[in-house]
1. Ordered by packing density, taken as the mean number of other Cβ atoms within 10 Å over each peptide's residues, highest first, how do 207-216, 159-168, 79-88 rank?
2. I need the peptides 226-237, 48-59 ranked by packing, meaning the mean over residues of other C-beta atoms within 10 angstrom, with the highest value on top.
3. Using alpha carbons only, how many angstrom separate the centre of the stretch 190-237 from the centre of the stretch 146-171?
4. What are the radius of gyration and Dmax of the stretch 71-119, computed over its Cα atoms and given in Å?
5. From the backbone phi of the stretch 44-50, what are the Karplus-calculated ³J(HN,Hα) couplings (6.51 cos²θ - 1.76 cosθ + 1.60, θ = phi - 60°) in whole Hz, Gly and Pro given as x?
6. If R₀ is 22 angstrom, what is the calculated FRET efficiency for the pair Leu19 and Asp39, using the beta carbon separation as r and rounding to 0.05?
7. In the stretch 175-234, what percent of the accessible surface is made up of carbon and sulfur (1.4 Å probe, ligands and nucleic acids excluded)?
8. Per residue and in Å³, how big is the convex hull formed by the alpha-carbon atoms of the stretch 103-163?
Amino acid sequence: MNPFPRHGIRRAVIVAPSLFTLFNLFFGIWSMVLASRGDFSRAGWYILVGGILDVLDGRVARLSRTGTRFGAELDSLVDVVTFGVAPAFLIYKLEFAAAGAAEWIFCYFYVMAATIRLARFNITQAGRAKRSFIGLPSPAAGMTLATFYPFTTTELYQHLFRVLPRHLLMQFLMIGLAILMVSNVRYATMPRAGLRTLRGLLGLATILFILVFGVLDHDAFFFPLGVAYMAYGVVRATALGFFFDVGEDEEAEIAGPIVISNGERETDAYTPPSRGIGPRGGQG
């Protein structure tokens, strides 16, 4: 008798990516609990931990070839919490709670944009090989907001940015992130590391650069990195003719018309792949 049934191992492998996703949700909720208690530093870093888990769940699903439609939908729902609601709540408690009765509206627009971004991603890009993202990925936007408070504790911020109108800048940042998430501006995907090609070597160098500086000076590194990535898409789109035309295979419409056929909902904007969804969503 085989003590380790193959179907049991297979089931465990299929569940593994979703466990990363659910731990991502755990850290998103924990971040909001800490923000409600005034522990803004740890609240921000736990959103960053959620971002790392968001990358890992997609990688595990692709390596094990266990991506499913359920996993992609779960990933996007969790991302709304961890990179939409949690960063917005953190910034609300940090910056907007004592600023006026209507200041929460900036947080609403951010969460609304993150939700639309993820819904559009599921329709247009989830489960497909991607050379770029259409719109700023919500994890990048969420982690930019999450690392703002640690950045304000650094000497760099105190010397260079203390004279700037911080509250006004945060309002512009929230609106800017919201607009970029629902825009057609294209952003590069996570580089693939390798040793056989120039692209792989550049990807490896980029990952090592982020790891080294992220460990050595994380407080002063991650927020400027997020702002630089945010600006990169705008500068690239402007230099190459403003916004790109979106190809037929990556239609950027939020949704197509939904009709009822044989008692089931159908849409011409999204048709699940015949063999499952392949790679997990990730980085929506």
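The values are calculated or read from the model by the stated rules, or taken from the named source; none is laboratory data. Worth saying up front: this structure is predicted, and the values here are computed from it rather than measured. Cβ placement follows ideal geometry from the backbone for every residue including glycine, while neighbour counts extend to all protein chains displayed. Only protein heavy atoms, including side chains, enter the accessible area calculation; ligands, DNA and RNA are left aside. Shrake-Rupley method; radii C 1.70, N 1.55, O 1.52, S 1.80 Å.
1. By packing density, highest mean first, the sequence is 79-88, 207-216, 159-168.
2. Result, highest mean Cβ count within 10 Å first: 48-59, 226-237.
3. About 22 Å separates the Cα centre of the stretch 190-237 from the one of the stretch 146-171.
4. Radius of gyration, then largest Cα-Cα span, for the stretch 71-119: 11.9, 40 Å.
5. x, 5, 6, 5, 5, 4, x
6. 0.25
7. Ligands and nucleic acids excluded, carbon and sulfur give 74 percent.
8. 118
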